[in-house]
Amino acid sequence: MKIFKIIDVWLSLALIGIFIILSLILLDQTFLVGYFVVGGWQVISMIVHAVNSWFCYQGGKRHVYHWIVAFTIMTGVLGFVLFPLLYFVLVVLLFAAPVMALYYAWICYEEVYVKMQRPLHHLK
């Protein structure tokens, strides 16, 4: 678990950084590709965490985040029936997705480098 979580944190941060830099250099649609690559990786990570029940306890940050993402996906799917809703969701995600990606990376970082560390006061 710990190896996956360390890879998860650093891969998320690397992907975010790479696509920010590429978007600023190329000034084209690279940022849209970044949305899907970073988001895709983070959805895979969320599924792995949910299947293995890693830090998914009721009321935890990850649990709440999973519900927010599930609601967003369900609203997007419903948008295919109600087209104005899809437009609204896509416009909101244009601005919210980068913040959500950074927040998810922070959740992963906190789990690895804060919650999984052994307290030093037990060592003698």
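So that you can scan it fast, the table gives a plain yes or no per residue for (1) without any contact (Cβ under 8 Å) to a residue 40 or more places away in the chain; (2) in a loop (DSSP other than H, G, I, E, B); (3) surrounded by 15 or more Cβ atoms within 10 Å (Cβ to Cβ):
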{"residue": "K5", "(1), (2), (3)": "no, no, yes"}
{"residue": "I21", "(1), (2), (3)": "yes, no, no"}
{"residue": "F31", "(1), (2), (3)": "yes, no, yes"}
{"residue": "G39", "(1), (2), (3)": "no, no, yes"}
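Tell me, which residue of the range 91-112 that is hydrophobic (A, V, I, L, M, F, W, C), without any contact (Cβ under 8 Å) to a residue 60 or more places away in the chain and surrounded by 12 or more Cβ atoms within 10 Å (Cβ to Cβ) is farthest from F4 (Cα to Cα)? I'd like the intermediate steps shown before the answer.
Looking only at the range 91-112, we keep the residues that are hydrophobic (A, V, I, L, M, F, W, C), and these are 91-97, 99-102, 105-108, 112.
From the residues that got through so far, the ones that are without any contact (Cβ under 8 Å) to a residue 60 or more places away in the chain too are 91-96, 99-100, 106-107.
Still in the running and surrounded by 12 or more Cβ atoms within 10 Å (Cβ to Cβ): 92-94, 96, 100, 106-107.
Working: V92: 31, L93: 27, L94: 29, A96: 26, M100: 20, W106: 15, I107: 14 Å.
It comes out as V92.
Starting from residues that are aliphatic (A, V, I, L, M) and over 20 Å from F36 (Cβ atoms), keep the ones in the range 98-112 and report whichever is modelled with the highest pLDDT. Give the derivation first.
Taking the range 98-112 and keeping what is aliphatic (A, V, I, L, M), we get 99-102, 105, 107, 112.
Going one step further and asking which of them are over 20 Å from F36 (Cβ atoms), we end up with 107, 112.
On the way: I107: 94, V112: 88.
Looking at the filtered set, the residue picked out is I107.
Among the candidates Y87, Y57, Y104, which residue alone is out of contact with any Ser or Thr (no Cβ under 8 Å at 6 or more places or on another chain) and assigned to a helix (DSSP H, G or I)?
Residue meeting the stated conditions: Y87.
Of the residues that make up the range 56-73, is at least one at positive phi, among the small types (G, A, S) and over 14 Å from the mean Cα position of the chain (by Cα)?
Looking through the range 56-73, at least one residue is at positive phi, among the small types (G, A, S) and over 14 Å from the mean Cα position of the chain (by Cα).
Could you grab the pairs with beta carbons closer than 6 Å, sequence gap of 6+ or different chains, first residue in the range 44-72 and of a type in the set (S, T, N, Q), second one assigned to a helix (DSSP H, G or I)?
Partner pairs satisfying both residue conditions: S45/D8.
So for the range 34-49 (the condition being under 16 Å from P98 (Cα atoms) and either touching a Phe, Trp or Tyr at 6+ places or on another chain (Cβ under 6 Å) or of a type in the set (D, E, K, R) (or both)), does at least one residue qualify?
yes
Consider the range 60-84. How many of its residues are surrounded by fewer than 15 Cβ atoms within 10 Å (Cβ to Cβ) and not in a helix (DSSP H, G or I)?
The total comes to 4.
When only residues in the range 41-54 that are among the hydrophobic types (A, V, I, L, M, F, W, C) and in a helix (DSSP H, G or I) count, which is surrounded by the fewest Cβ atoms within 10 Å (Cβ to Cβ)? If you could, list the steps in order and put the result at the bottom.
At the first step, the residues of the range 41-54 found to be among the hydrophobic types (A, V, I, L, M, F, W, C) are 41, 43-44, 46-48, 50-51, 54.
Remaining after also requiring in a helix (DSSP H, G or I): 41, 43-44, 46-48, 50-51.
Details: W41: 18, V43: 13, I44: 11, M46: 19, I47: 11, V48: 14, A50: 14, V51: 9.
Per the stated criteria, the residue is V51.
Answer yes or no as to whether I25 is loosely packed, with under 14 Cβ neighbours inside 10 Å, closer than 19 Å to A105 by Cβ and free of Cβ contacts under 8 Å to residues at least 24 places away in the same chain.
On the way: loosely packed, with under 14 Cβ neighbours inside 10 Å: yes; closer than 19 Å to A105 by Cβ: no; free of Cβ contacts under 8 Å to residues at least 24 places away in the same chain: yes.
The answer is no for I25.
The values are calculated or read from the model by the stated rules, or taken from the named source; none is laboratory data. Remember, it's a predicted structure, so these values are computed and weren't measured experimentally. Methodologically, a virtual Cβ is constructed for each residue, glycine included, from the backbone with ideal geometry; neighbour enumeration extends over all protein chains shown.
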